[in-house]
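A short worksheet on the structure shown next.
None of the figures in this text is laboratory data; all of them are computed from the coordinates on show. What you see is a predicted model, and the numbers here were worked out from it, not measured in a lab. Every residue, glycine as well, gets a Cβ built from its backbone with ideal geometry; the counts of neighbours run over all protein chains shown.
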Amino acid sequence: MMNLDIEQAKMKLDKIINKSRSRFYKPIQIAEVLYNSRIDNSIDASNKEDYRIKSKLWRDKVTNRLLKQSSTSSSRFQDDIWNDNAMPPQVLKILDDFNKNNMGVVEKYIYDKFKEKLGVISSIMDIVIAGVSCPKNFQLDNLLSLFRKEAGIKRSIDKCYEIITYSLFETVVNQLEAEITVKIPKKNNLLLQEFSDLSKVLLNISPEKPEWTEVAHIYRVGVTNAADRGLDMWANFGPVIQVKHLTLNSTQAETIVDQVESDHIIIVCRDADASVISILMKQIGWGRRVRGIVKESQLIEWYNRCLKGEFSKQLSQLLMNLLQQSFEDEFPEVTGIIEFCQERQYTDINLPELWCKNT
């Protein structure tokens, strides 16, 4: 690799930052190598074996504190950050020297960029919290519009969609007081006795208790890899729910359905993509596996019914409380980053002119 100056090294760093989703795992991993190298002179930034494995632990310590989670990607994928097309040791060494000579300025720069992304999320949280205080003034389309406008959050819009969809579905299902019953007909009593051990484990049913009932619920699977088109939500009464806000073509739509092992799939998507899926359902065999398509306009309409409709007194506060709690669970870093930066004394560092602009 040719010799680089600090400006070129910063450009490599900015490229990684600009590609990062709201979790910010890779930039934080770089920042933590720089921090640990600054406080431990035995670390050589030009030798990636000094930090390749340790950097994952350093990063996870920070992300577990700020995000309440750590990367679940493969070790090989995590190691890709030190490849030539990302942050190779030669470039990291340039950043490391500059960082040491300037009291941690590169670390501060990375965490300032993290806070910028959180600034968008903070704005979203403000809208939701305001909605909790006055549910009838909450406008879902305003929230979705904010996600679309802000480049820093576009790559995480599916998570917003999941939270919005989950909060609505779970609130309505809960207030409907829907129940699910599992039972074995009397004619199969002998078969139940023969397989009582299996039935107990699989169905929670035994010859002494041949049926049971529980309340219906929707569950989020949790944080998934950006490339994962697997399960987003599931219901204990049958359907699985796929939430997709990114533009879909026919191949992607087929992949979504093919990778979910269920005959009761619900797809939540933009209005424009709903027409693509509807056409495909009529043309190919998996259409019968899709129970329904929920469009963005329907989500907005259902939110309006909950918050301003006939049953708003029953539903509005419950919906907004769940929406707020779900966003706080998804983005716990909003309140933690300020305290973290104060502890590291990043607030005492002034960024040089080069580091006050993005490249």
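Taking the highest mean first, how do the peptides 347-353, 69-75, 120-126 order by number of other beta carbon atoms within 10 angstrom per residue? Each step should come with its number before you reach the end.
Working: 347-353: 11.6, 69-75: 14.1, 120-126: 16.6.
Per-residue mean Cβ counts within 10 Å order the peptides as 120-126, 69-75, 347-353.
Of VAL294, TYR25, TRP234, whose Cα points farthest to the positive end of the dipole of the chain (charges on the beta-carbon: +1 Lys, Arg; -1 Asp, Glu; origin at the Cα centre)?
Toward the positive end, the furthest listed residue is VAL294.
Show me 105-117, 193-205, 292-304 ranked by packing, highest mean number of other Cβ atoms within 10 Å first. Kindly include the intermediate steps, with their values, before the conclusion.
Values: 105-117: 22.0, 193-205: 12.9, 292-304: 17.2.
Descending mean neighbour count gives 105-117, 292-304, 193-205.
By DSSP, what percent of the beta bridges with both residues in the chain are antiparallel, rounded to the nearest 5? Working shown, then result.
On the way: 11 of 20 bridges.
Once the DSSP bridges in the chain are tallied, antiparallel ones form about 55 percent.
Enter the angle in degrees (range 0 to 90, nearest 10) between the Cα long axis of helix 271-283 and the first principal axis of the Cα atoms of the chain, meaning the one along which they spread out most.
Tilt relative to the chain: about 60 degrees.
To the nearest 10 degrees, how steep is helix 6-19 against the longest Cα principal axis of the chain, on a 0 to 90 scale?
0 degrees
Charges only on Cβ, +1 for Lys and Arg, -1 for Asp and Glu: so what's the dipole of the chain about the Cα centre, in debye to the nearest 20? Kindly include the intermediate steps, with their values, before the conclusion.
On the way: 48 positive and 49 negative charges, 95 e Å.
Charge dipole, the chain, about its Cα centre: 460 debye, nearest 20.
Along the three principal axes, how long is the chain when you take its alpha carbons, biggest first, rounded to the nearest angstrom?
The Cα atoms of the chain stretch 79, 53, 43 Å along the principal axes, largest first.
As a quick test, which of the pairs LYS26/LYS159; LYS68/LYS200; LYS115/LYS136; LYS26/LYS48 have an alpha carbon distance above 26 angstrom in this structure?
LYS68/LYS200; LYS115/LYS136
Normalised by the empirical 2.2 N^0.38 Å for globular proteins, what value does the Cα Rg of the range 75-223 take?
1.79
Per the helix-only calculation at 222 nm, which mean residue ellipticity applies to the chain, given -39500 (n - 2.57) for every DSSP H run of n ≥ 4 and division by its residues, nearest 500 deg cm²/dmol?
Numbers: 16 runs with 202 residues, N = 359.
Here the helix-only value at 222 nm equals -17500 deg cm²/dmol.
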